[in-house]
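Presented below is the structure to which this report refers.
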Amino acid sequence: MRLVGIHHTHASGIVALRGIDLVVDPAAPTVLRGPGGAGKTTLLRVAAGVVVPTAGEIEDRPAVVGYLPDRFPARMKLPPRRWLDHMSRIRGLDPDDTGDRADELLEEFGYGGADDEPMSELSRSDAQKIGLVQALACDPDVLVLDEPWSGLDDDAADVLTRLLADRSGGLLLTDRTGTAAGFTGARLHRLRHGRLAAASDPDSVPLRTAPPPGSVMRLDLACAGDPRPVLEGLPPARVEAAAPGRLTVRVPAPESDAWLMAALAAGCAVRSVRPVRQEGDGTSAAPDARPPAGPPDTSAGRRRGRVEPQW
Ligand SMILES: Nc1ncnc2c1ncn2[C@@H]1O[C@H](COP(=O)(O)OP(=O)(O)OP(=O)(O)O)[C@@H](O)[C@H]1O
């Protein structure tokens, strides 16, 4: 999924986002940081499809996006179970198909709330668990999570860390706890006054797992047909493999995001992004924790009449 040239002005006239370009790479978590009011929540809402930006495009947003909002409407009367079913239907899914997974997740998170209380009467921790379950149980192609560890008890926080670290597929989130920054290959982006800091900006948060200066990334892409004509329109790169359906290149790490953006715009899909081990520099060449993501599942019958969720 790509966010291209996103601007957003709220109805109040407040300009929250000022020209955001961001790739949500299925091979690595995308973590947003930034001070209060920087625009993080607005950007997540735009990415999830809850808010239509005043300008810009969301490209290749998959059919099912799991979204955890920063907070629920305060007076939500529906009991949790009915709300989970309702959210499945809104996503075009059959609650009978998502119910078993929701039960498993509730059990794993140690949910202790009653099934028949209104959502508004749940404890902070149980409300957060319900929010996470609705985001995760729909088997989303991309997860968009606003402070997912917020309010969780320690055991549930550990469960969430394991679930997210093990997950494949796109993950875009804010996280004040710093947990997600430790995930393999995590890409941190600092947002300030509605703009993303450039990688060269001293305000840009360094990647804990960042490759050292001078390092090189190997980008493995899936391209429909012969990738060689596609290559002609892309920035220079050292080509390791170019066969029908597949393209592998090496590019300097600082150029890899721009290169990926161009390749995605040319119709390729990202299979993996990883640093190339170079003699003597200690660059990690650990394999991705996440397997390459397949194409979005758009199977008919599983999703019916998609309607945007209302938050
Ligand atoms: N629904 C809204 N209507 C009007 N203005 C809004 C709305 N939501 C956010 N804003 C404003 O947009 C700007 C960005 O807010 P946003 O909540 O996206 O930032 P944030 O980085 O998530 O902040 P925080 O970390 O404090 O949650 C702020 O000036 C905020 O006051």
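The values are calculated or read from the model by the stated rules, or taken from the named source; none is laboratory data. Everything quoted here is computed from the prediction, not taken from an experiment. Cβ: placed from backbone, ideal geometry, glycine included. Neighbour counts: every protein chain shown.
Data overview
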item	result
Given (1) away from the ligand (no atom under 16 Å from the Cβ); (2) at pLDDT 80 or above, number of the condition A199 does not satisfy	(2)
Conditions (1) modelled with pLDDT of 80 or more; (2) under 30 Å from P53 (Cβ atoms); (3) more than 19 Å from the chain's Cα centre (by Cα); (4) not aromatic (F, W, Y); number of the one not met by M217	(1)
In the range 23-51, the residues that are in contact with a helix residue (DSSP H, G or I) (Cβ under 8 Å, 6 or more places away or on another chain) and of a type in the set (A, V, I, L, M)	V23, V24, V31, L32, V51
Leading residue by the ranking (nearest to the ligand (Cβ to nearest atom)) among those in the range 134-156 that are over 14 Å from the mean Cα position of the chain (by Cα) and surrounded by 19 or more Cβ atoms within 10 Å (Cβ to Cβ)	S150
Top-ranked residue in the range 13-23 [being of a type in the set (V, I, T) and more than 6 Å from the ligand (Cβ to nearest atom); ranked as surrounded by the fewest Cβ atoms within 10 Å (Cβ to Cβ)]	V15
Residues located in the range 86-107, provided they are modelled with pLDDT of 90 or more and either among the basic types (K, R) or crowded, with 18+ Cβ neighbours inside 10 Å (or both)	R101, A102, L105, L106
Spans of helices (runs of 4 or more DSSP H) in the range 34-147 with at least 3 residues in contact with a Lys or Arg (Cβ under 8 Å, 6 or more places away or on another chain)	95-109
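Rundown of residues vs (1) surrounded by fewer than 16 Cβ atoms within 10 Å (Cβ to Cβ); (2) more than 23 Å from T177 (Cβ to Cβ); (3) away from the ligand (no atom under 11 Å from the Cβ); (4) at pLDDT below 95, yes/no style:
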| site | (1), (2), (3), (4) |
| --- | --- |
| A11 | yes, yes, no, yes |
| D25 | no, no, yes, yes |
| P35 | yes, no, no, yes |
| T41 | no, no, no, no |
| A47 | no, no, yes, no |
| P53 | no, yes, yes, yes |
